[in-house]
Amino acid sequence: MIRVEELTKDYGSRRALHGLTFEARQGEVVGFLGPNGAGKTTTMRILTSYMPPTSGEAIVAGYNVVSESLEVRKRVGYLPETVPLYTDMVVFDYLKFMADLRHLPNADERVGETLEMVGLLDRANGYIGALSKGMRQRIGLAQALLHRPEVLILDEPTIGLDPGQVVEIRHLIREIGKERTVLLSTHILSEAQQICDRVLIINKGRIVVEDTPENLQSRLVGAERVILRVGGDSDGLAPRIEKVKGVQQVKSNPDGSLEFQFLPAQDVRQQVAKTVIEAGYDLIEMRAVGLSLEEIFLELTKEEEPDKKKKARS
């Protein structure tokens, strides 16, 4: 597992992390989301003992990342955003070299098992430099899994993969996450929604929110959103719906549908349907929609700004 308490990192006069506190448990896939420069990579480098924090504590697989860094490195698999590979080496030889560096027993067998796990067994004798970016990404994932780590830290694990490979790697991460602790950074918010048990959203070095994707949606939606579709032209319908008591923010979508909101305590759908039919329109569809993780992400990172400005002035 991973336990972080009041983690702070300064680069000279610039503070990159502001007292981060969070946990990632065994058997859990945790998504680490944030815009560029939010502090994701800095946090991951600290958790892998690549560099120390300025203050605070990070415990990975039961060991302190500063005072017990060698023990941490034995138990962590790390896939950085830019995978460091020896392009003039054969795939199998590279992984065998990595296995030997870690003093792994039965290295040849372990390399073969890992290559099969990431779907590269048929490329074992190919040169890394001749492979596509997606294939190289898989090799990077293979070296992170080679020693069967307790904790897996992945920085943009599906970058450069084609859609078929993305599905396979996502499935692999889910399977790995059943037994290990997985912390992954991604810019693909739908990816986090599909494979993560929890998400941490970080903005400018601070955790903005921590929850499951499902709970985030229910917590942040202040009003229910509804898509309404009628047969034929919907011109003139929006003003009628706006007059229904409890309806908020009616708007027209490019596909010809209408969208409106209402407070959960004031379910107006029945009255809206009655209004549509009485106005002479054919009601084709009316369905509730939730906020996507993309919308939640944008809302949270935008809402954080005014608070920070107030704190800066105080």
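Assorted remarks:
- When restricted to residues that are surrounded by 12 or more Cβ atoms within 10 Å (Cβ to Cβ) and either closer than 30 Å to SER190 by Cβ or at pLDDT below 90 (or both), the range 257-278 contains 12.
- Filter pass, VAL72 being surrounded by 19 or more Cβ atoms within 10 Å (Cβ to Cβ) and touching a residue at least 40 places away in the same chain (Cβ under 8 Å): no
- Sub-6 Å Cβ pairs linking a first residue in the range 24-49 that is surrounded by 21 or more Cβ atoms within 10 Å (Cβ to Cβ) to a second residue that is of a type in the set (Asp, Glu), at least 6 apart or interchain, are VAL29/ASP197; MET44/ASP155, ordered by first then second residue.
- Residues of the range 218-242 classified as at pLDDT 70 or above and assigned to a helix (DSSP H, G or I), total: 6
- Counted residues, the range 187-207 - those being modelled with pLDDT under 85 and touching a helix residue (DSSP H, G or I) at 6+ places or on another chain (Cβ under 6 Å): 2
- Test: ALA38 is in contact with a strand residue (DSSP E or B) (Cβ under 8 Å, 6 or more places away or on another chain) and farther than 23 Å from ASP197 by Cβ: no
- Put simply, of ARG174, ARG170 the only residue that is under 15 Å from GLY27 (Cβ atoms) and not in a strand (DSSP E or B) is ARG174.
- Residue within the range 85-96 that is in the same structural domain as THR43 (by TED's automatic domain parsing), closer than 20 Å to THR41 by Cα and not β-branched (Val, Ile, Thr) present: yes
- Check on LEU79, under 26 Å from the mean Cα position of the chain (by Cα), more than 26 Å from GLU191 (Cα to Cα) and either surrounded by 19 or more Cβ atoms within 10 Å (Cβ to Cβ) or free of Cβ contacts under 8 Å to residues at least 12 places away in the same chain (or both): no
- Qualifying positions in the range 78-125 - of a type in the set (Ser, Thr, Tyr) and closer than 14 Å to ARG148 by Cα: TYR78, THR114
- Elements of type helices (runs of 4 or more DSSP H) contained in the range 15-113, each with 3 or more residues being basic (Lys, Arg) and farther than 26 Å from LYS133 by Cβ: 69-75
- Taking the range 100-136 as the range and being within 18 Å of ILE176 (Cβ to Cβ) and buried (at least 18 other Cβ atoms within 10 Å of the Cβ) as the test, the residues that pass are ARG110, VAL111, THR114, LEU115, VAL118, LEU120.
- Close Cβ contacts (under 6 Å, 6 or more residues apart or on different chains) running from residues in the range 178-204 that are farther than 20 Å from ALA38 by Cα to residues that are among the small types (Gly, Ala, Ser) and crowded, with 22+ Cβ neighbours inside 10 Å comprise THR181/ALA24.
- The range 137-165: number of residues that are part of a helix (DSSP H, G or I) and either surrounded by 18 or more Cβ atoms within 10 Å (Cβ to Cβ) or not assigned by TED's automatic domain parsing to the domain that holds LEU33 (or both): 10
The values are calculated or read from the model by the stated rules, or taken from the named source; none is laboratory data. Computed from a prediction, not measured in an experiment: that's the story for all the values here. Cβ atoms come from the backbone with ideal geometry, glycine included; neighbour counts cover every protein chain shown.
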